[in-house]
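**Student:** The structure's right below; bear with me while I get my questions together.
The values are calculated or read from the model by the stated rules, or taken from the named source; none is laboratory data. The model shown is predicted, which means the values in this text are computed figures rather than measured ones. As a convention, Cβ positions derive from the backbone with ideal geometry for all residues, glycine included, and neighbour counts pool all protein chains shown. Ligands, DNA and RNA are stripped out before the accessible areas are found, and what is left, the full protein with its side chains, is counted by its heavy atoms. Shrake-Rupley method; radii C 1.70, N 1.55, O 1.52, S 1.80 Å.
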Amino acid sequence: MDIELSQKQKEILDAILEWQKRPSNQYLTLGGYAGTGKTTLLGYFNEHIHLTNNKIKVAFCTFTGKASTVLSRKLRDVNAVKPNDYIGTIHKLIYVPETDDDGEIICWKKLEKKNFKYDLIVIDEASMVSRDIWNDLLSYDKPILAVGDHGQLPPVGDTFNLMQNPMLRLEEIYRQEQDNPIIKLSEIARKYGEIPAREFSNTVKKYPRDYEDLQSEVGDLLSSYNDNTLVLVGYNSTRILLNNEIRGLLEFETPNPDIGDRVICLKNNSNERIYNGMIGQIQSIEEGDSLDGVKIYNARIAFEDEVNEYIGPIAAEQFNQKELLRIQSHVINFFDFGYAITVHKAQGSQADRVILFEERFPRMDDDTWRRWLYTAVTRAVSELYIIAR
């Protein structure tokens, strides 16, 4: 690798290598802000351990398929992928399908310890990992390096967070990223919680509320919506309004979910290998009979960068609702339109273009707001358009 590490990165690399050679603890956590060179550091780490042991097998894994695609691209950009390495989701790494006599998948079970073939596990976007999945990973008795961003919001609905207090920290912006306007904005958001309204580049802008052409500009942005776009909001009411507006612009003819609609999973179901925040597209859908007293659609949903699909009943009444329906069913799953989503649901996702509507809840303290804004900004890869609150 010909990218030079900073002094701090070298210190962190030495600490990780020392732990990997003589792990005093099964796992090590590394937190790094956006632009601090975490992936470059992982590349050097992987290069070094393969030079010292060319038979070592490393599993690089993430919570979502989208995140694993991003990680794979970044590692390949720095030529850090070796033939025996794995890059993919945690679920594909450690869970296997159980099928019935007809070959239909009925559930997923944890891979037996004797069949796990990797010597080291490296988790990216580690703050997304739940306690149950973490315990499953630990059960293989392999060293685990958990990497994430400790500046982001904590996971929703779970007190477990691997990035709450990381053992090692990268907090200095890497010199290769210092001129990146999105990285600059992420630093402003994290430190001050207030991004000034102005143009930072041709593709990174914040519009003031009193901008005279704001409605026209926002309309143009939404009308050019595509699969490489994330529209982020704070309030569920805004999410519903924007989802309906975008669906209208995309010429969906009814308010009901239809083939081609972008949807988001709202609740974990480990048996089906679907998780809160996963975004997919409806491949087929038809009204079904009521199930457990609930109106349903029978749907087939393919997820971004995932091999598996969801096939089964989804709650019809969940669409365009502000809250998750209180339905006691182990069979019905919960989805809503996924064109506009809340920042909390966007954790672990990235898109080439992000359109962000700044919305602060009255009960948010300053630290939570900074984390909210920072998490939103760091979802953008190349384009970021912020509409001021």
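**Student:** Can you find, within region 66-100, the residue that is modelled with the lowest pLDDT among those that are over 21 Å from residue 117 (Cα atoms) and either of a type in the set (Gly, Ala, Ser) or part of a strand (DSSP E or B) (or both)?
**Tutor:** 99
**Student:** To continue, here is another question. Give the residue that is farthest from residue 307 (Cα to Cα), with candidates limited to residues of region 95-117 that are hydrophobic (A, V, I, L, M, F, W, C) and in contact with a Phe, Trp or Tyr (Cβ under 6 Å, 6 or more places away or on another chain).
**Tutor:** Residue satisfying both the conditions and the ranking: 116.
**Student:** I've got another one for you. Does region 286-310 hold any residues that are outside any loop (DSSP other than H, G, I, E, B), closer than 25 Å to residue 342 by Cα and open to solvent by 20 Å² or more (accessible area, probe 1.4 Å), and which are they?
**Tutor:** Selection gives 300, 302, 309.
**Student:** So residue 277 clears everything in (1) at negative phi; (2) open to solvent by less than 30 Å² (accessible area, probe 1.4 Å); (3) outside any strand (DSSP E or B) except one condition, right? Which one?
**Tutor:** All conditions are met except number (1).
**Student:** When region 227-249 is examined, which residues are found to be outside any strand (DSSP E or B), in contact with an Asp or Glu (Cβ under 9 Å, 6 or more places away or on another chain) and modelled with pLDDT of 95 or more?
**Tutor:** Answer for region 227-249, where residues must be outside any strand (DSSP E or B), in contact with an Asp or Glu (Cβ under 9 Å, 6 or more places away or on another chain) and modelled with pLDDT of 95 or more: 234, 235, 236, 238, 239, 240, 243, 247.
**Student:** Is there a residue in region 137-144 that is modelled with pLDDT of 90 or more, crowded, with 18+ Cβ neighbours inside 10 Å and in a helix (DSSP H, G or I)?
**Tutor:** The answer is yes; a qualifying residue exists.
**Student:** Out of the residues in region 18-46 that are of a type in the set (Val, Ile, Thr) and in contact with a strand residue (DSSP E or B) (Cβ under 8 Å, 6 or more places away or on another chain), state the one that is surrounded by the fewest Cβ atoms within 10 Å (Cβ to Cβ).
**Tutor:** Applying the filter and picking the extreme gives 29.
**Student:** Okay, moving on. Among the residues of region 190-220, what is the count of those that are open to solvent by less than 70 Å² (accessible area, probe 1.4 Å) and under 28 Å from residue 33 (Cα atoms)?
**Tutor:** The total comes to 13.
**Student:** Name the residue that is most open to solvent (accessible area, probe 1.4 Å), counting only residues in region 338-363 that are in a loop (DSSP other than H, G, I, E, B) and at pLDDT 95 or above.
**Tutor:** 360
**Student:** OK, next. Using the structure shown, decide if residue 87 is at negative phi and open to solvent by less than 20 Å² (accessible area, probe 1.4 Å).
**Tutor:** no
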